[in-house]
Amino acid sequence: MKLMGRDITGDALLDELRSRLSARSLDAPTGGPIRFDGLEPRVDPVAFNVEALTEHADPTRPLPLETHRAGLGRAVLLAKRLFRAGGQIFINEALGRQKRFNGHVRDSYAQLAAEVKTLRDRLEVLERPKAPPSKRKAK
């Protein structure tokens, strides 16, 4: 199959993508804990999002310093470190409220996600087809 030209149609491409996703079990609805029974582990979106919110909740925590300059790179990194060290007090003061807000957002997200999971489990139980009552023969 060529990727350029008229040899491939949109429908054929979508069919190929669907078959590849199906082969990796990525087309099935996600749910439950992380599983390791396929080619790639299934990621729980709630756990991933809570971890990401936890990782990036503190805006006062500096990102790693880097530079794209080859020759003057060390001098630029030194200047960045000195500037950051001098301004960190002001950064902490300015972003303290944002740090608390981010923590509340993370905790609220985790609480709401747990509530949604509980409600989905209850809904699944309620939507299960009920077995017809068994008829007992009287003797």
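The values are calculated or read from the model by the stated rules, or taken from the named source; none is laboratory data. Treat the numbers as computed from the prediction; the structure is a model and nothing was measured. Backbone-built Cβ (ideal geometry, glycine too); neighbour counts: all protein chains shown.
Taking the range 62-91 only, how many residues are out of contact with any helix residue (DSSP H, G or I) (no Cβ under 9 Å at 6 or more places or on another chain) and either part of a helix (DSSP H, G or I) or of a type in the set (D, E, K, R) (or both)?
Residues in the range 62-91 being out of contact with any helix residue (DSSP H, G or I) (no Cβ under 9 Å at 6 or more places or on another chain) and either part of a helix (DSSP H, G or I) or of a type in the set (D, E, K, R) (or both): 17 in total.
Considering only residues that are basic (Lys, Arg) and surrounded by 11 or more Cβ atoms within 10 Å (Cβ to Cβ), which ones fall in the range 75-99?
LYS80, ARG81, ARG84, LYS99
Could you tell me whether any residue of the range 35-45 is outside any loop (DSSP other than H, G, I, E, B), modelled with pLDDT under 85, in contact with a Phe, Trp or Tyr (Cβ under 9 Å, 6 or more places away or on another chain) and surrounded by 12 or more Cβ atoms within 10 Å (Cβ to Cβ)?
Yes, there is a match, as at least one residue in the range 35-45 is outside any loop (DSSP other than H, G, I, E, B), modelled with pLDDT under 85, in contact with a Phe, Trp or Tyr (Cβ under 9 Å, 6 or more places away or on another chain) and surrounded by 12 or more Cβ atoms within 10 Å (Cβ to Cβ).
Any residue in the range 117-130 that is modelled with pLDDT of 85 or more, surrounded by 11 or more Cβ atoms within 10 Å (Cβ to Cβ), of a type in the set (A, V, I, L, M) and in a helix (DSSP H, G or I)?
No; the residues of the range 117-130 include none that is modelled with pLDDT of 85 or more, surrounded by 11 or more Cβ atoms within 10 Å (Cβ to Cβ), of a type in the set (A, V, I, L, M) and in a helix (DSSP H, G or I).
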